[in-house]
1. Cα-based Rg (one decimal) and Dmax (whole number) for segment 10-129, in Å?
2. What value, in deg cm²/dmol to 500, does the helix sum -39500 (n - 2.57) over DSSP H runs of n ≥ 4 give at 222 nm once divided by the residues of the chain?
3. So what J values fall out for segment 248-261 if you push phi through Karplus, 6.51 cos²θ - 1.76 cosθ + 1.60 with θ = phi - 60°, rounded to Hz, Gly and Pro as x?
4. If you build the Cα gyration tensor of segment 158-210 and take the root of 5 times each eigenvalue, what three semi-axes come out, in whole angstrom, biggest first?
5. Given the convex hull over the Cα atoms of segment 328-370, what projected area results after averaging over all orientations, in nm²?
6. Take the Cα atoms of segment 33-97, find their three principal axes, and give me the spread along each one in whole Å, biggest first.
7. Under the definition of Cα pairs under 8 Å and six or more residues apart, what whole-number percent is the relative contact order of the chain?
8. Just for the Cα atoms in the chain, what are the lengths along the principal axes, largest first, rounded to whole Å?
Amino acid sequence: MNRQRVCVLGSTGSIGVNTLDVVSRHPERYEVVALSAMSRVDELLAQCLTSKPRFAVMPDAAAAARLREGLRAAGSATEVLDGADKLAEIAAHPEVDTVMAAIVGAAGLAPAIAAARAGKRLLLANKEAIVVGGALFMQAVEAGGATLLPIDSEHSAIFQCLPEDRGMWAQRIDHIVLTASGGPFRTRDPKTLADVTPDQACAHPNWVMGRKISVDSATMMNKALEVIEARWLFDLTPEQIRVLIHPQSIIHSMVVCRDQSVLAQLGTPDMRVPIAYGLSFPERITSGASRLDLLTTPSLSFEEADAVRFPGLHLSWQALRAPEGSTTVLNAANEVAVDAFLNGRLRFDRIHALNAHCLGAVAPSAADVASIDGLLALDARVRDVALRQVAAWM
C-alpha cells in the first residue's frame, strides 16, 4: 500500500495536533509531508522533529527564521518556507495527496482553494474558508476534481449518514439537524453576560478547542458558521437546516429523510473520530477515541436554540438570504469581534451587536464574490468598519 502523503495546515492548533495523533497511529498508511503554523515556533519545531516533514511553513519571516535555526541546530532536514503565499503553494504541492485545512479564520481561504483546484483530498476543518468562499470555493472543488470531506463533527456526522453517491443526496434529504452543546452559558441569564471574561468564555463543557472557536461556541456564532457551511457542503436551502441544543454532545447531528426516518451519528466528543474518518474515507481506522458506552451515557436531552439566548446563531439564516457575500461580511465582523473581546477591547455581549452592525453596514457587490482577491478585499473593508465601531464603543 502506498502511504497517503499528508499536509497539515494549522498543525499546532487543536485540530492539527489531533490529526498528527491519528496519523502517528498508522505509520504504514500515512506520511507527513508538510506542516504549517502561524506563530507557535516551539510547538512546530517539536512537531517537525517528531513527524519529519519535508516542508514547514510559517507566514511570518521572523518566526520562520527562528524555526529554521532550531531545526538546523537539531540536525533536521526539514525545509522551512516563509510567506502567506507559501501556504497555498504547499497545499497544491505535487508531493501532497491530502490536505488538512485547519487554519483558523479567513486566512485559510487561499490555501484551501489552492488544494481544491489541485484536486487534493481536502479535509475541511476551516469552516471560514467555505463561509467566506461560498460558491467560488465549491466551483474550485468541482473544477479540480477534489474530494471534499468535512471535519467539523456536525458536518462529518451528516456526511456519515448520507450515501457515498452524492447524486442521491437531494432525493434523500428532507432537512438536517445540527446539534449544539449550548456552550458554557447555556443556562445563564443573558442579562448577566456583560461581565463575562475570556477564560469563562473559553471553558467549554465538552470540547477542548482553541480560544477563538471556544468563544464562537459560547456565543453560538460557531453554529451560525456551521449553518452556512452546511448550506454549501450539502447543497441545501436555508430552510432545510435546523439547529437543536443537545448538551451531552453525543449525537453529533442528524439527517431527516423524506420518509421522515431520522439518521444520526453518535460518538464520544473527540475530534479524532471525524479526523480519522476523513483520512481513511471510505474505510474506517482506529482513532484513539474512547468507546461510547451507552450503559453509562447520561440521558440525551434537547432544547430549542432560541433567538433571545443565542441571537448570533440566527444571523446565519439572515446572511444566507441576503446578497451573496453577506456571509463573508458576517465572518469578518465576527473575527474582529472575538479578537477584540479576547484582548479586552469589547464586552462579550457586544460581539453580537458588532456582527449585526457590520451585516447591515456593508453591502457586498457581484465583483466582491467573483474572485479570491475580491473576497479578501471585502473582508478587509468589513474589518475596517468593525474596528472603527469597536473604537467608538471603547
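The values are calculated or read from the model by the stated rules, or taken from the named source; none is laboratory data. Note that the coordinates shown come from a computational prediction; the quantities given were computed from them, not determined experimentally. Every residue, glycine among them, receives a Cβ derived from its backbone with ideal geometry; neighbour counts consider all protein chains shown. Please note that ligands, DNA and RNA were not included when accessible areas were found on the heavy atoms of the full protein model with its side chains. Shrake-Rupley method; radii C 1.70, N 1.55, O 1.52, S 1.80 Å.
1. 13.1, 37
2. On the way: 17 runs with 172 residues, N = 394.
Taken over the chain, the calculation gives -13000 deg cm²/dmol.
3. 7, 6, 9, 7, 8, 3, 9, 10, 9, 7, 5, 8, 6, 5
4. On the way: eigenvalues 268, 37, 11 Å².
For segment 158-210, the ellipsoid semi-axes come out as 37, 14, 8 Å.
5. That works out to 3.0 nm², a quarter of the Cα hull's surface.
6. Result for segment 33-97: principal-axis Cα extents of 29, 21, 15 Å.
7. Working: 739 pairs, mean separation 55.4, N = 394.
Here the relative contact order equals 14 percent.
8. Sorted largest first, the three principal extents are 57, 51, 42 Å.
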